[in-house]
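Worksheet: one structure, shown below.
The values are calculated or read from the model by the stated rules, or taken from the named source; none is laboratory data. All figures in this text were calculated on a predicted structure; none of them were measured in a lab. Note that each Cβ is placed from the backbone with ideal geometry, even for glycine, and that neighbours are counted across all protein chains shown. Accessible surface areas use protein heavy atoms only, side chains included; no ligands, DNA or RNA. Shrake-Rupley method; radii C 1.70, N 1.55, O 1.52, S 1.80 Å.
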Amino acid sequence: MRGGGVSCGAMTASFGFVAIGRNEGERLVRCLTSLAATGAPVVYVDSGSTDRSRERAHELGALVVELDASKAFTAARARNFGLATLLATHPACPLVHFIDGDCELEPGWVASALEYLARNPGCAGVSGRRRERFPDKTPYNKLTDFEWDYGTGDAICCMGDALYRVSALRAVGGFRETLVAGEEPELGFRLRKAGHRLHRLAAPMTTHDIDMHRFSQWWRRESRTGHAYAEIVHLHGRDPERLFVRRVISVVAWGVGVPLAAVATTALWPPAIAGAALLYAQLAVRLYRQRRTTESPRDARLYVAGIVLGKTAQSIGALRYLLDRVILRKQPVLIEYKGEARPPAR
């Protein structure tokens with residue numbers, strides 16, 4: 001059995017888990033089984049699952065609660081509700097570990113995270129290395145595995161899987177519940193503005209199972225990323241840090257600006273299309289050379305394709321946020337890219 005690998009004795013009473021999920025199937029079973037091995041209390045927050053997620057979570061010893069379906073489902077809402085439930089049953093719990101229901105805790109991670117926070121009282125949250133369970137099964141799994149390589153050291157945010165100080169979360173009001181994506185960097189921004197540090201360790205933390213098989217899923221997920229960038233810029237872009245401002249400018253310029261400019265000027269200057277193609281080729285070569293230092297030629301090419309195509313998807317997501325939320329004032333809607341959970345791989 002995989003698990004937290006915790007030999008912390010009384011330390012298991014110092015933290016609890018909040019797992020969130022929606023139709024995760026066997027992924028949720030693996031997740032909760034790994035959490036149960038730590039001996040810490042577990043709250044599972046379900047967001048409208050139509051499979052047997054709630055029943056399986058109860059069988060595995062988690063305290064199961066359901067998110068109110070009268071409001072839009074968001075991961076931020078689920079995490080806040082899970083933390084409130086955890087504190088209602090363990091009011092003196094000083095630490096909470098959030099984990100997504102499609103992730104499995106790596107052995108030894110919790111002990112490493114607890115030790116780091118014990119040695120660094122100014123740190124509000126710590127995360128580690130997330131990896132994909134089957135990175136070579138599909139190109140979309142591999143692209144996601146690339147995405148998790150955020151580096152180590154002090155960071156602007158932690159991931160969806162992370163150990164936080166409850167006092168720091170409560171001081172800033174927890175996750176912003178209206179966000180349909182990007183809730184971790186937005187929380188990280190407010191924590192850092194309140195004087196806290198966030199840190200990423202090199203230690204393995206969780207194994208993620210995205211199980212992505214279709215281009216349309218990947219495209220929608222990239223679009224959601226662009227949406228998150230744009231919303232964070234809308235919320236905090238005027239701050240001197242200008243969080244994600246350059247990123248939004250980059251994705252809109254490469255994803256929409258260059259192609260539109262080329263098409264618009266072709267009639268007056270026929271080489272415009274060729275000029276745009278040359279710009280993309282230069283970008284691809286630069287990215288390939290950077291990635292080739294750590295990856296095989298095949299993986300480096302896949303990485304480049306993901307970055308270049310992803311900019312277009314992200315730009316569409318950013319512009320859609322501008323139209324829907326800023327101009328039309330529409331209510332947020334959960335941006336889903338997964339289908340029903342598939343049977344476990346053999």
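In terms of its alpha-carbon gyration tensor, region 72-145 comes out oblate; a/c meets the 1.5 threshold, while b/c is at least as large as a/b.
Computed over protein heavy atoms with a 1.4 Å probe, the accessible surface of the chain works out to 47 Å² per residue. If only the Cβ of Lys and Arg carry +1 and only the Cβ of Asp and Glu carry -1, the dipole of region 31-182 around its Cα centre is close to 320 debye.
For Asp100, the solvent-accessible surface with a 1.4 Å probe is about 30 Å², rounded to the nearest 10.
What is the antiparallel percent of DSSP beta bridges lying wholly in region 96-212, to the nearest 5? Taking every DSSP beta bridge within region 96-212, about 55 percent pair in antiparallel fashion. For region 101-191, taking the reciprocal of the average inverse distance between every pair of different Cα atoms yields a Kirkwood hydrodynamic radius of 14.6 Å.
Of the residues Leu35, Ser250, Val126, the one whose Cα sits farthest toward the positive end of the charge dipole of the chain, with +1 on the Cβ of Lys and Arg and -1 on the Cβ of Asp and Glu, is Ser250. Does a label point 7 Å from the Cα of Ala118, set along Cα-to-beta-carbon, have any residues of region 25-45 with amide nitrogen under 20 Å, and which are they? The answer is 37-41, whose backbone nitrogens lie closer than 20 Å to the label point.
Cα extents for region 188-239 along the principal axes, largest to smallest and rounded to whole angstrom: 41, 33, 10.
Placing dummy labels 7 Å off each Cα toward the beta-carbon, the span from Lys330 to Glu241 is 2.9 nm.
Only protein atoms count toward the accessible area here, which uses a 1.4 Å probe; on region 217-310, the carbon and sulfur part of that area reaches 64 percent.
Computed 3J(HN,Hα) for region 248-254, one whole-Hz value per residue from the Karplus formula 6.51 cos²θ - 1.76 cosθ + 1.60 where θ = phi - 60°, is 5, 4, 5, 5, 5, 5, 6, glycine and proline marked x.
Under 10 Å, Cα contacts only: if you run a Gaussian network model on the chain, which one of Leu191, Leu323, Leu86 comes out with the highest mean-square fluctuation? Result: Leu323 has the largest fluctuation of those listed.
Backbone amide hydrogens, once placed in the peptide plane, bring Val64 within less than 5 Å of Tyr44, excluding anything fewer than 5 places away on its chain. Summary of packing: across the peptides 231-239, 37-45, the per-residue average of other C-beta atoms within 10 Å ranks them, highest first, as 37-45, 231-239. Computed per residue of the chain from DSSP H runs no shorter than four, each worth -39500 (n - 2.57), the mean residue ellipticity at 222 nm is -14000 deg cm²/dmol. Phi angles across region 220-234 convert, under the Karplus curve 6.51 cos²θ - 1.76 cosθ + 1.60 with θ = phi - 60°, into 3J(HN,Hα) values of 5, 5, 5, 4, 4, 4, x, 4, 5, 4, 5, 5, 5, 5, 4 Hz, Gly and Pro given as x. Solvent-accessible area of region 50-113 (1.4 angstrom probe, protein heavy atoms only): carbon and sulfur portion equals 58 percent. The share of C-alpha pairs in region 14-118 whose separation exceeds 22 Å stands at 25 percent.
Taking every protein chain into account, the 1.4 Å probe leaves Val252 with about 40 Å² of accessible area, to the nearest ten.
Rounded, prolate or oblate for region 141-261? Axes are the square roots of the Cα gyration tensor eigenvalues, ordered a ≥ b ≥ c, and the cut-off for rounded is a/c under 1.5. Cα axes put region 141-261 in the oblate bin. What is the distance, in nm, between label points placed 7 Å from the Cα along the Cα-to-Cβ direction at Arg301 and at Arg289? Result: 2.0 nm between the two label points. Note on the chain: the alpha carbon radius of gyration divided by the globular reference 2.2 N^0.38 Å gives 1.03. Charge dipole of region 95-244 (Cα centre as origin; +1 on each Lys and Arg Cβ, -1 on each Asp and Glu Cβ, all else neutral): 440 debye, rounded to the nearest 20. With the simple spin-label model, which puts each label point 7 Å out from Cα in the Cβ direction, the Asp154 to Ala274 separation comes to 5.1 nm. Taking Cα centre as origin and charging only the Cβ of basic (Lys, Arg, +1) and acidic (Asp, Glu, -1) residues, the dipole magnitude of the chain rounds to 900 debye. Given axes a ≥ b ≥ c from the Cα gyration tensor, I'd like to know whether region 197-321 is rounded (a/c under 1.5), prolate (a/b larger than b/c) or oblate. Here region 197-321 falls in the oblate category. Is there a pair in Lys71/Lys338; Lys142/Lys338; Lys137/Lys338; Lys71/Lys142; Lys137/Lys311 whose C-alpha atoms are over 26 Å apart, and which pairs would that be? Pairs exceeding the cut-off: Lys71/Lys142. Among Gly306, Thr265, Leu319, whose Cα projects farthest towards the positive end of the dipole of the chain, with charges put on the beta-carbon of Lys, Arg (+1) and Asp, Glu (-1)? Of the candidates, Thr265 comes out farthest on the positive side.
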